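Bear in mind that the values in this text are calculations on the coordinates, not laboratory data. Nothing here was measured: the structure is a model prediction, and the numbers come from that model. So basically every Cβ, Gly included, is an ideal-geometry build from the backbone, and we count neighbours across all protein chains shown.
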Ligand SMILES: Cc1ncc(COP(=O)(O)O)c(C=O)c1O
């Protein structure tokens, strides 16, 4: 008899069914287990608690909205004030001309939305053969249909039968690999190229200098839609609002989620350029036959607005800018440890420590994660590394605790 009926995502339930880690409370950058012990939330939960935990202002905004209008759909001509306000705010923040905003309930749905929209855009433009979607090896775009199909982490793709057809992966760090793929598939058969600005779940890879600018240029040269997956990078994590500003990118679409509400309620969406929206918005008879029941949910939108108020008022994107170096330094302090192969980071409040092949073969990654948790810091195994992405309110002192826990955990290994 197992002790739980809860099936955990991505978990080996054979092991987890009898060894769960129960979180019961959280405040600021700290979470608490069912025995009342505190842990520094070194990962901002799943990369999303940008404003930190326990913000009463967001709770009050959601409760007030629920008293007024808890929920109503936005299909057809229906709308509601919080969804309108949030769409306006995001469209004004995005570095995209005449932007429109399509809401979903999470990042994976945002990716499905952007991929379907890219294909249908070309169909409306009289080029229905432009269906191929390119993405990067090691990419993570969620676990929905499209996100699984264009994802680049092989383990996440296998055993599911035939995935979405007409997709291809290119090397994650080499813009020339995109150019070669375009030459072999033919630009006129390609709808879009998807890229995370900083690759997250694939192991935390900041872009090589010039890479994002180069792929954006290649896409523009070949009239291929450039879609930024800013699900992790948005809302201050790498500085600007939509996760693309520091590279001067102006994507055709930006997928977002996570930090838009800091996770207080589930929300995602796509900021769509005026160019991509045009055939749907400016020509009659072309509805985009796509959408989720809770798209434009007013309570979720009200929570997002309160969260964005905090991010703006406390200037948390600038704070992330200021803290990216201290975080990187805290991690590079263990780069000389014999169990460490590489430390990555320095772009946004994101970092990772990769273990040597020998340590990985010995199954050290989950052991190290648990050791560091026993030392009071939450970190996450990703690929060959342990990753960190603390709330943007984290202090330098707390960043010091992350570095210290890595050092002690590695020594104990
Ligand atoms: C870059 C990226 N895209 C998409 C997703 C999927 O988002 P969700 O889990 O909300 O479906 C994630 C989730 O971590 C992500 O990191």
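Would you mind getting me the FRET efficiency between residue 222 and residue 155? Use the beta-carbon distance for r and R0 = 45 Å, nearest 0.05.
It comes to 0.90.
How far, in nm, would the chain grow between residue 123 and residue 14 when pulled straight, counting 0.36 nm per residue and subtracting the alpha carbon separation?
34.6 nm
Can you give me the angle between helix 211-221 and the longest principal axis of the chain, using Cα atoms only, in degrees from 0 to 90, rounded to the nearest 10?
For 211-221 against the chain, the angle is about 10 degrees.
In a Gaussian network model over the chain where Cα atoms closer than 10 Å are linked, find which of 327, 163, 350 has the largest mean-square fluctuation.
Greatest mean-square fluctuation among the candidates belongs to 163.
What whole-number volume per residue, in cubic angstrom, does the convex hull of the C-alpha atoms of the range 142-250 give?
Measuring per residue, one finds 101 Å³ for the Cα hull of the range 142-250.
Under a GNM of the chain (C-alpha, springs under 10 Å), which listed residue has the highest mean-square fluctuation: 362, 112, 229?
The residue that fluctuates most here is 362.
Using 0.36 nm per residue, how much length does the chain from residue 27 to residue 413 gain when fully extended, once their Cα-Cα distance is taken away?
Values: separation 386, 0.36 × 386 = 138.96 nm, distance 3.02 nm.
Length gained, residue 27 through residue 413: 135.9 nm.
Among 212-220, 254-262, what's the highest-first ranking by average C-beta atoms within 10 angstrom per residue?
Details: 212-220: 18.6, 254-262: 30.2.
Highest to lowest by the protection proxy: 254-262, 212-220.
Would you compute, from DSSP H runs of 4+ residues alone, the mean residue ellipticity of the chain at 222 nm, taking -39500 (n - 2.57) per run and dividing by the full residue count, rounded to the nearest 500?
Values: 14 runs with 154 residues, N = 413.
When only DSSP H runs of four or more count, the value is -11500 deg cm²/dmol.
How many percent of DSSP beta bridges within the chain run antiparallel, rounded to 5?
Here the antiparallel bridges make up roughly 65 percent for the chain.
On a 0 to 90° scale, report how tilted helix 364-374 is relative to the longest principal axis of the chain, with both axes built from alpha carbons and the result rounded to the nearest 10.
With both axes taken from Cα atoms, the answer is about 70 degrees.
Over the Cα atoms of the range 1-95, how large are the radius of gyration and the largest Cα-Cα distance (Dmax), in Å?
So, for the range 1-95, Rg and Dmax equal 18.8, 54 Å respectively.
Counting other beta carbons within 10 Å of each residue's own, what order do 48, 32, 39 fall into, fewest first?
Values: 48 25, 32 16, 39 21.
With the fewest neighbours first, 48, 32, 39 line up as 32, 39, 48.
Stretched out fully, how many nm does the piece from residue 75 to residue 329 gain, at 0.36 nm a residue minus the Cα gap? Please list the in-between numbers first.
On the way: separation 254, 0.36 × 254 = 91.44 nm, distance 4.83 nm.
In short, 86.6 nm is gained.
Based only on other Cβ atoms within 10 Å, what is the fewest-to-most ordering of 271, 101? If you can, show how the numbers build up before the last one.
Numbers: 271 28, 101 21.
Lowest to highest Cβ neighbour count: 101, 271.
How would you rank 239-250, 396-407, highest first, on the average number of other Cβ atoms within 10 Å across their residues?
On the way: 239-250: 21.2, 396-407: 18.5.
Order by mean packing, descending: 239-250, 396-407.
Determine, for 53, 337, the number of other Cβ atoms within 10 Å of each Cβ, and report the residues in order from fewest to most.
337, 53
How high is the relative contact order of the chain? Use alpha-carbon pairs under 8 Å, at least six apart in sequence, and give a whole percent.
21 percent.
Once you sort the root eigenvalues of the Cα gyration tensor of the range 87-154 as a ≥ b ≥ c, which label holds: rounded (a/c under 1.5), prolate (a/b larger than b/c) or oblate (the other case)?
Taking the square roots of the gyration eigenvalues as a ≥ b ≥ c, the range 87-154 is oblate.
Which residues does a label at residue 188 reach in the range 111-155, if reach means a backbone N under 20 Å from a point 7 Å past the Cα toward the Cβ?
119-134
Could you check the spin-label model distance between residue 318 and residue 3? Points 7 Å from the Cα along Cα→Cβ, value in nm.
4.7
When the chain is treated as a GNM, springs tying every alpha-carbon pair under 10 Å, which of 317, 338, 284 comes out with the largest mean-square fluctuation?
Most flexible of the set in this elastic network: 284.
At each listed q (0.06, 0.12 Å⁻¹), what is the log10 of I(q)/I(0) that the Debye formula gives for the chain modelled as equal alpha-carbon point scatterers?
-0.24, -0.99
Calculate the FRET efficiency for residue 362 and residue 176 from the Cβ-Cβ distance with a Förster distance of 35 Å, rounded to the nearest 0.05. Working shown, then result.
On the way: r = 36 Å, r/R0 = 1.03.
Computed FRET efficiency for residue 362 and residue 176 comes out at 0.45.
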